[in-house]
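Visitor: Let me give you the structure first, and then I'll get to my questions.
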Amino acid sequence: MTTYDFNAIEKKWQKYWEEKSLFNPKIDKSKKKFYALCEFPYPSGAGLHVGHPRGYTALDIVARRKRMQGFNVLYPMGFDSFGLPTEHYAIKTGIRPEVATEQNIATFKAQMKSLGFSFAWEREVITSSPEYYRWTQWQFIQLFKLGLAYKETTEVWWCPKCKIGIANEELEAGRCERCDAEVEKKTREIWSLKMQSYSDRLIEGLSRVDFLENIKKMQIDWIGRSEGAEVEFPLSKGGSLRVFTTRPDTIAGVEFMVISPEEVLERFGPLCGGFDNSDEVCGYVNAAVVRTDVERSQTKVKTGVPLAGLVATNPYNGREIPVYTADYVLYGYGTGAIMAVPDLDERDGEFANAMGIKFGETKLLSPDDALKVGERKVNYKMQDWQFSRQRYWGEPIPMVHCSMCGWVPLPESELPLKLPHVDNYLPTDDGSSPLARVADWVNTKCPTCGGAAKRETDTMPMWAGSCWYYLRYMDAHNDREFASREAMDYWGQVDLYNGGQEHTTRHLLYARFWSKALCDGGFIPNDEPFMRRIMHGMILAEGGVKMSKSKNNVINPNDIVAEYGADTLRVYEMFIGPYDQAVAWSTESMIGVHRFLKRAAALSERVEDRAATVAERSVLAVAARDVSERIDALKFNTAVSALMIALNAFEEGDSVAKSVFADFVKLLSPFAPHLAEELWERLGNAESIAFASWVEFDAADISAEGIVYVVQVGGKRRAEISVGADMDQAEVERLAMVEESVAKFITSPVKKVIFVPGKIVNIVI
RNA sequence: GGGGGUGUGGCGGAAUUGGUAGACGCGCUAGACUCAAAAUCUGGUUGGAAACAGUGUGGGUUCGAUUCCCACCGCCCCUACCA
């Protein structure tokens with residue numbers, strides 16, 4: 001007799017949930033809402049990885065518990081489907097990106113559905129669909145109208161392999177995060193969003209949200225706010241050199257100035273003319289600017305050359321000091337030049353030693369005097385968001401350039417601006433987008449004056465669509481606006497947001513910026529999109545190494561579902577270890593979880609319709625307390641063990657009371673929803689367990705069987721005694737003293753007795 | 001260099017306003033069922049015969065320390081010349 005035919009059970013209930021459309025919430029002002037969200041995946045060709053379900057399951061558990069507690073729960077899912085891998089795939093195979101995307105989404109969706117997540121599938125969003133990116137484009141236009149999007153010629157990081165410009169946030173130690181090639185600098189005309197002007201507000205907003213502390217810290221560090229002063233040093237050849245310093249109090253110790261090589265080129269031209277050693281300067285500068293940042297920072301000994309003949313004057317004490325150029329000074333930060341205080345700044349000190357510059361001790365200014373130096377100034381590491389990508393598979397930027405009117409946004413009626421059909425997705429060596437080849441698309445009319453004009457051919461970065469998807473879920477089928485005010489007012493902010501750590505300084509920061517901008521424009525009610533942010537740890541292969549195709553150690557969720565069932569995979573991924581820690585997969589351990597579910601199914605055949613015993617009620621109360629608390633605390637691994645403890649206890653009897661088992665099934669249901677539905681039905685319930693009320697317990701039940709005290713003598717455990725729940729302290733102490741195994745250790749007079757209610761009696765001698 | 005985290009049986013891991021160290025599970029082991037095996041069930045499982053010892057190491061505070069304090073060692077992650 002099969003008591004746990006998980007295949008049949010899981011198919012049956014997945015069909016039931018879908019047919020009844022159980023998890024598609026409607027606005028219902030009589031109920032409190034709860035909005036749970038997992039980052040939507042990029043639908044790669046590889047399909048779902050076992051890492052994906054970890055977050056989905058965790059939030060599914062939270063969502064299911066909240067539903068049972070009476071909340072109106074929105075737990076949606078979709079696909080972030082624009083991006084480079086699909087385009088690379090198209091180049092390699094000739095399969096069109098939208099076709100590949102559709103196939104991949106179908107695969108992902110089938111896999112997700114096979115795991116029984118209570119997603120509101122009716123609200124699915126796909127960022128590469130014109131119905132969706134119509135509104136991404138619309139929002140971009142609003143940002144442009146707010147003055148937050150601008151086009152300028154600037155230096156961008158350029159990946160020579162991907163042939164694409166990339167943002168600072170997409171760099172990994174100076175390399176392209178996608179292909180690991182060293183990036184170069186290239187001058188291009190690109191769109192940027194004024195994210196830097198939101199720096200302070202992005203920091204301030206963190207005080208109003210519940211993110212993990214390290215997430216807040218990473219964002220704050222990334223924004224890199226530093227307060228200081230800008231000081232002007234007059235130059236002997238006229239003009240002056242402006243520098244930023246966080247330590248104006250050290251100005252008396254300035255021994256020399258350093259200008260970044262790029263800044264030298266900008267100030268003195270490609271020939272670096274006008275110095276006594278112009279050839280040397282020119283050679284150094286031109287060699288330096290082609291070196292990557294990685295190369296520069298790996299140089300052990302600092303290098304540089306003097307700008308001979310150029311002298312700067314310290315405005316504080318009138319001292320004349322030499323000026324150098326050196327590549328340890330960064331172009332992109334501050335003014336691209338520094339005042340060097342070798343006595344106090346380690347890097348300046350290293351450079352001074354390398355150059356043989358002598359220096360003495362620095363006299364610090366008083367805080368008051370320091371305030372008088374230069375002009376107060378705040379600098380940020382975070383730059384504006386470079387928003388142009390020279391690729392095909394992204395949202396077209398809905399802008400037109402007219403020689404008369406400049407950059408003009410498309411009128412709303414022309415949205416979505418659909419991606420034109422192209423046959424060749426190959427990037428171009430000159431750095432322009434494949435769209436630039438589509439002449440009849442590029443050439444258009446100016447929306448303002450009707451004259452000849454050209455479309456923008458760059459597309460948006462893959463982070464664009466995910467900036468606002470949480471809003472679209474609230475009202476996914478609205479074709480008049482991106483979401484109605486009513487829907488946004490009701491669903492408000494995301495209450496619980498789960499995602500990967502790698503998005504902390506990208507997606508999470510971008511989405512926060514975007515929301516603030518939209519809120520400023522009056523388009524949305526809240527400026528912080530996510531109230532609480534959590535991260536799940538990675539799932540590694542057996543042995544703790546990364547799963548990879550080349551190592552042939554990838555666990556495919558499909559195989560696990562086929563062999564052990566979705567409920568087993570779900571419960572195992574929760575039981576595998578602390579939610580926020582990286583954990584190694586172990587199929588052997590997973591089988592233990594499978595056994596647990598099997599035993600739960602088997603116990604359903606020993607259910608008797610009788611009153612619950614005191615012991616049963618006690619076990620159930622403990623389980624209800626622990627499971628509830630641990631779900632709320634995101635301690636899913638110990639929540640599962642609480643369920644196991646309860647099951648172990650119930651199995652000891654010949655039978656289990658029906659009411660107790662029913663409550664146990666409720667506690668199990670967020671974790672193993674298919675099995676729970678099946679058992680719930682076997683118990684005679686006609687309605688889904690998904691909306692049954694959560695288990696309430698009576699705290700008195702927990703200790704109804706009595707309390708066990710540990711008795712210690714001098715802090716060492718000597719015995720344990722079981723007493724009635726209402727016994728008073730003096731009586732417990734008396735019982736403890738007379739216990740034989742305790743009494744023999746009381747070899748000298750008792751000094752005092754420490755009594756911890758419900759736990760310990762410690763006799764100090 | 002800076003920042004964060006972490007160290008507990010054979011393994012994954014429990015236990016923090018200081019209060020039974022090793023929950024729960026895996027593995028192992030003995031037994032039941034079986035011709036046999038798998039599956040399942042029952043018992044055992046930190047070391048030690050025991051007294052005791054035991055949470056990376058060494059100190060400290062305390063009736064009592066995995067938990068708090070000091071110093072040190074190891075591992076992991078993030079970040080990286082930001083003036």
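The values are calculated or read from the model by the stated rules, or taken from the named source; none is laboratory data. Predicted model only: the values in this text are computed from it and were never measured. Using ideal geometry, Cβ is built from the backbone for each residue, glycine included, and neighbour counts are taken over all protein chains shown. All accessible areas refer to the heavy atoms of the entire protein, side chains included, with ligands and DNA or RNA removed. Shrake-Rupley method; radii C 1.70, N 1.55, O 1.52, S 1.80 Å.
Visitor: Can you tell me what the convex hull of the Cα atoms of the range A:270-316 projects to on average, as an area in nm²?
Guide: Averaged projected area of the range A:270-316's Cα convex hull equals 4.6 nm².
Visitor: What accessible area per residue comes out for chain A, rounded to a whole number of Å², with a 1.4 Å probe?
Guide: 43 Å²
Visitor: Could you tell me, in Å, what Rg and Dmax come out for the Cα atoms of the range A:345-441?
Guide: When restricted to the Cα atoms of the range A:345-441, Rg and Dmax are 26.1, 69 Å.
Visitor: Hey, another quick one. Would you mind working out the magnitude of the charge dipole of the range A:208-331 relative to its Cα centre, with +1 at each Lys and Arg C-beta and -1 at each Asp and Glu C-beta, to the nearest 20 Debye?
Guide: Magnitude of the dipole: close to 220 debye.
Visitor: If contacts are Cα pairs under 8 angstrom and at least 6 residues apart, what is the relative contact order of the range A:498-624 in percent?
Guide: 21 percent
Visitor: Quick one: putting +1 on the C-beta of Lys and Arg, -1 on the C-beta of Asp and Glu, what dipole do you get for chain A around its Cα centre, in Debye to the nearest 20?
Guide: 380 debye
Visitor: Turning to a different aspect of this structure: Consider just the alpha-carbon atoms of chain A and return their Rg together with their Dmax, both in angstrom.
Guide: 32.9, 105
Visitor: Ok, one more. How big is D for the range A:437-528, in µm² s⁻¹ as a whole number, if Stokes-Einstein is applied with the Kirkwood radius of its Cα pairs at 37 °C and 0.692 mPa s?
Guide: 209 µm²/s
Visitor: Same structure again: Distances longer than 21 Å among the Cα atoms of the range A:682-765: what percent of all pairs is that?
Guide: 44 percent
Visitor: Sorted by packing (mean other beta-carbon atoms within 10 Å per residue), highest first, where do A:714-725, A:588-599 land?
Guide: Averaged packing, sorted descending, gives the order A:588-599, A:714-725.
Visitor: If amide H atoms are built 1.01 Å from N in the plane of the peptide, which residues on other chains or at least 5 residues away come under 5 Å of the amide H of A:ILE765?
Guide: A:GLY714, A:LYS751
Visitor: Considering only protein heavy atoms and a probe of 1.4 Å, how much of the accessible area of chain A is carbon and sulfur, as a whole percent?
Guide: 50 percent
Visitor: At a Förster radius of 35 Å, what calculated FRET efficiency corresponds to the Cβ-Cβ distance of A:ASN685 and A:ASP728, to the nearest 0.05?
Guide: 0.20
Visitor: Separate question: Could you order A:LEU22, A:LEU509 so the one with the most accessible surface comes first? Probe is 1.4 Å.
Guide: Listed by decreasing accessible area, they come as A:LEU22, A:LEU509.
Visitor: Order these peptides, A:566-572, A:123-129, A:626-632, A:375-381, by their mean beta-carbon neighbour count within 10 angstrom, highest first.
Guide: The packing order, highest mean first, is A:566-572, A:123-129, A:626-632, A:375-381.
Visitor: Viscosity 0.692 mPa s, temperature 37 °C: give me the Stokes-Einstein translational D for the range A:405-474 in µm²/s, with Rh taken as the Kirkwood radius over C-alpha pairs.
Guide: Rounded, D is 230 µm²/s.
Visitor: What does the extension gain come out to for A:GLU652 and A:THR246, with contour length at 0.36 nm per residue minus their alpha carbon separation?
Guide: 139.2 nm
Visitor: When N counts the residues of the range A:76-126, how does its alpha-carbon radius of gyration compare numerically with 2.2 N^0.38 Å, as a ratio?
Guide: In units of the globular-protein estimate, the range A:76-126 measures up at 1.26.
Visitor: Given the rule -39500 (n - 2.57) for each run of at least 4 DSSP H residues, summed and divided by the residues of chain A, what is its mean residue ellipticity at 222 nm, to the nearest 500 deg cm²/dmol?
Guide: Theoretical 222 nm ellipticity from helices: -10500 deg cm²/dmol.
Visitor: Ranked from highest to lowest mean number of other Cβ atoms within 10 Å per residue, what is the order of the peptides A:221-230, A:318-327?
Guide: For the peptides A:221-230, A:318-327, the packing ranking is A:318-327, A:221-230.
Visitor: Check cross-link reach from A:LYS29 to the aspartates and glutamates: straight Cα distance under 20 Å, and skip same-chain residues fewer than eight apart.
Guide: Output for A:LYS29: A:ASP475, A:GLU486, A:ASP489, A:ASP495.
Visitor: Which of the listed residues, A:MET737, A:ALA692, A:TRP680, is farthest toward the dipole's positive end in the range A:595-750, when Lys, Arg count +1 and Asp, Glu count -1 at the beta-carbon?
Guide: It is A:MET737.
Visitor: Over the heavy atoms of A:LEU265, what accessible area does a 1.4 Å probe trace out, to the nearest 10 Å²?
Guide: Answer for A:LEU265: close to 50 Å² accessible.
Visitor: Can I ask one more? P(r) for the range A:1-108, please, calculated from all Cα pair distances in 10 Å bins and given in %.
Guide: Spelled out per bin, shortest first, that is 12, 30, 31, 20, 6, 0.
Visitor: Right, here's the next one. Sequence-distant or interchain residues sharing an amide H contact under 5 Å with A:ALA584, placed H: which?
Guide: Amide H neighbours of A:ALA584, under 5 Å, 5+ apart: A:LEU540.
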